[in-house]
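Here the structure is laid out as structure tokens; the discussion comes afterwards.
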Amino acid sequence: MKKFFRPRLPGPPRWLPPLLLAALLGLGLLLFPGYGLTWDEPSNHYNGAANLGFVAERLLSPALLRRLTPATVPPTPAVWDGCEHGVAFELPAALLGRLLYPGNPRGYYILRHLLIFLTFVGGLVLLYQLAQLRYPSGGWLPLLAPALLVGSPRFFAEAFYNGKDIVFLVAFTGAMLTLAQLLRRPTVGRALWHALAVALAADVRLAGLPLLGAFTAAGLLAQPWLGGARPVPAGRRLALGALAGTGALLGLLLGWPYLWADPVGRLRTLLFESSFLDRDGIVLYAGEFVKINALPWHYHPTWIGITTPVPYLLLAGLGAGTGAVLLVRHGRGALARPGAWLDALFMAWLLGPLLLVVATRAVVYDGWRHVYFVYPALLLLALRGARALRAAWATAGPRARPWLGAVLGLGAFEVGRTLWFIGAAYPNQQVYFSCLPAATAERLFERDYWGGSYRYGLEWLLAHDPAPTLHVAAPRLGLLYINYLLLKPAEQRRLVLENDPRRAQYFVSAYRYHPQSYADSLGPEILLYRPGGGIKALSVFRRPPGPAAGR
């Protein structure tokens, strides 16, 4: 093992990571009230409340059932929009919202944003632990992984409102951490912890169950070959795998009240049927409207490429490339190197789900949010790339160093520009594009498909028009309405939301399904909102006065 020895590098003081975490928490507490309400949040809340109704109906009193669940939730609903998603996050969020803010949607949704952010912060801790597991003597290197996640504009924004994909990213990261710990030292206790982590992930997105099951099975099969791991006999590995699988399945069923009425039937339906999906939906991709069931194989790679900061991609590519070379050269023997098998796990984590989406023609939309859970793997591979750069700098000669320094300088400049965007674009960093000119991104790809920028438009109108009543319309009135819910009561009383744009004084649009400019008949564009100086995310038009406007 001597040839694999690496010197232990000095790391950060023990007090620094908790201090940075506390600083991030403080920043989040300042920022979370400013984010808009987004497309999926009402249905997510309804899903949590409906499952809460199942709990109250079966375990609690009828009076408490009436208090905790909305009147529109029937006692035993068979299906509803969003029922295919688990409620590991949504049920506790619905419970807290209804206890702390009964009858107050504004209070509930702002609380929900805080809970999502706190979950995201927990995910940073899990990612840091995985990085430490890979680089136990890497000095400051493990801190880079959570730093890159915080420094990713779209993830930073969605950490305040995306209760599906960000929460699933956190849960999946936790499950991969428990899997790595289980493979290093297989014990009953670690198998049970892994089962709990898999159940939590599957109880956010059910896809976590087969994906994590496959990673677990493959990892236990290869466990005797892994460097630094304590090998165990095949029979014990089989028993531990069966224990983890059974525990995960039981945990999933216990944590998802919707399944209680018919566990086998409903689980089978959710796993193998997808009639609840809108397969006729469309997205704007590469300048064309494409059906979501006919997207090309490069849909996700393209979105990853245009929305991930370029230095992160280059570091991850360098890390994955050096790891792949090692595996090709040494085959199974490469796994015996300390940490190398973790790199192989990270590469499988990054590439496996992307290839599976292509192979199964899974229905996806709205960029790459359905596979956000692979992003931690990309960042962990970026650490290997950063280590390779550090080694290259240490061994570079006097002729190579200026060129290498120029590359590092350009990367640092781009990272600084990205961090500046996060601050300047608040609270709408979700419209970040890394490497496309604004006009190109506006023409070829979806802009604010979340719809959170509508809150900015409404607040701008209220601040710039002192009239006691403002009549406002939008391409989809629902997005105006949910952001209207976040306004203070006095502000809500000044707004009248119109179904018919002809009856409105103002028209607000975030350009979803409408990349082209609007007709002159809408009137002058009085607000052109470019978060952080990037793409045109939202416009407000003042409609010309007419006999119907504002009635």
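The values are calculated or read from the model by the stated rules, or taken from the named source; none is laboratory data. Fair warning: this is a prediction, and the values are worked out from it, not measured in the lab. Cβ placement follows ideal geometry from the backbone for every residue including glycine, while neighbour counts extend to all protein chains displayed.
For segment 247-263, does any single residue satisfy the condition of being over 27 Å from the mean Cα position of the chain (by Cα), assigned by TED's automatic domain parsing to the domain that holds G339 and buried (at least 18 other Cβ atoms within 10 Å of the Cβ)?
Restricting attention to segment 247-263, the residues satisfying the condition of being over 27 Å from the mean Cα position of the chain (by Cα) are 260-263.
Among the residues that remain, those that are also assigned by TED's automatic domain parsing to the domain that holds G339 are: 260-263.
From the residues that got through so far, the ones that are buried (at least 18 other Cβ atoms within 10 Å of the Cβ) too are none.
No.
Every residue, every condition in (1) in contact with a His (Cβ under 9 Å, 6 or more places away or on another chain); (2) modelled with pLDDT under 85; (3) crowded, with 23+ Cβ neighbours inside 10 Å; (4) more than 22 Å from L270 (Cβ to Cβ), yes or no:
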position	(1), (2), (3), (4)
A50	no, no, yes, no
L59	no, yes, no, yes
P74	no, yes, no, no
G86	no, no, yes, no
L100	no, no, no, yes
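This table checks each residue for (1) farther than 15 Å from L271 by Cβ; (2) part of a helix (DSSP H, G or I); (3) of a type outside the set (V, I, T); (4) touching a residue at least 40 places away in the same chain (Cβ under 8 Å).
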residue: A171; (1), (2), (3), (4): yes, yes, yes, yes
residue: T178; (1), (2), (3), (4): yes, yes, no, no
residue: A191; (1), (2), (3), (4): yes, yes, yes, yes
residue: A197; (1), (2), (3), (4): yes, yes, yes, no
residue: L200; (1), (2), (3), (4): yes, yes, yes, yes
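This table checks each residue for (1) buried (at least 23 other Cβ atoms within 10 Å of the Cβ); (2) within 16 Å of D165 (Cα to Cα); (3) at pLDDT below 95.
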{"site": "N47", "(1), (2), (3)": "yes, yes, yes"}
{"site": "L68", "(1), (2), (3)": "no, no, yes"}
{"site": "L114", "(1), (2), (3)": "no, yes, no"}
{"site": "Q129", "(1), (2), (3)": "no, no, no"}
{"site": "L144", "(1), (2), (3)": "no, no, no"}
{"site": "L148", "(1), (2), (3)": "yes, no, no"}
{"site": "P153", "(1), (2), (3)": "yes, yes, no"}
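In this structure, is G321 part of a helix (DSSP H, G or I), within 27 Å of the chain's Cα centre (by Cα), surrounded by fewer than 15 Cβ atoms within 10 Å (Cβ to Cβ) and not aliphatic (A, V, I, L, M)?
yes
Determine if segment 344-355 includes at least one residue that is touching a His at 6+ places or on another chain (Cβ under 7 Å) and either surrounded by fewer than 19 Cβ atoms within 10 Å (Cβ to Cβ) or not in a helix (DSSP H, G or I) (or both). Spell out the reasoning first.
We begin by selecting, within segment 344-355, every residue touching a His at 6+ places or on another chain (Cβ under 7 Å); these are 354.
In the following step, the residues that additionally are either surrounded by fewer than 19 Cβ atoms within 10 Å (Cβ to Cβ) or not in a helix (DSSP H, G or I) (or both) were identified as 354.
Scanning segment 344-355, I find at least one residue that is touching a His at 6+ places or on another chain (Cβ under 7 Å) and either surrounded by fewer than 19 Cβ atoms within 10 Å (Cβ to Cβ) or not in a helix (DSSP H, G or I) (or both), so the answer is yes.
I'd like the full set of residues that are in a loop (DSSP other than H, G, I, E, B) and either among the small types (G, A, S) or over 27 Å from Y481 (Cα atoms) (or both), limited to segment 402-455. Give the derivation first.
At the first step, the residues of segment 402-455 found to be in a loop (DSSP other than H, G, I, E, B) are 425-428, 432-437, 445-452.
Selection gives A425, F433, S434, C435, L436, P437, G451, G452.
Could you check how many residues of segment 118-160 are over 28 Å from T38 (Cβ atoms), in contact with a Leu (Cβ under 9 Å, 6 or more places away or on another chain) and part of a loop (DSSP other than H, G, I, E, B)?
Of the residues in segment 118-160, 4 are over 28 Å from T38 (Cβ atoms), in contact with a Leu (Cβ under 9 Å, 6 or more places away or on another chain) and part of a loop (DSSP other than H, G, I, E, B).
Would you mention how many residues in segment 363-384 are free of Cβ contacts under 8 Å to residues at least 60 places away in the same chain and under 12 Å from E158 (Cβ atoms)?
0
Could you tell me whether V431 is farther than 30 Å from L495 by Cα, of a type in the set (V, I, T) and either free of Cβ contacts under 8 Å to residues at least 40 places away in the same chain or crowded, with 17+ Cβ neighbours inside 10 Å (or both)? Talk me through it step by step, then tell me what you get.
Numbers: farther than 30 Å from L495 by Cα: no; of a type in the set (V, I, T): yes; either free of Cβ contacts under 8 Å to residues at least 40 places away in the same chain or crowded, with 17+ Cβ neighbours inside 10 Å (or both): yes.
Spelling it out, it is not the case that V431 is farther than 30 Å from L495 by Cα, of a type in the set (V, I, T) and either free of Cβ contacts under 8 Å to residues at least 40 places away in the same chain or crowded, with 17+ Cβ neighbours inside 10 Å (or both).
In the set P466, P475, which member is touching a His at 6+ places or on another chain (Cβ under 9 Å) and part of a loop (DSSP other than H, G, I, E, B)? Don't jump to the end; show me each part of the working.
Working: P466 fails: touching a His at 6+ places or on another chain (Cβ under 9 Å).
The conditions single out P475.
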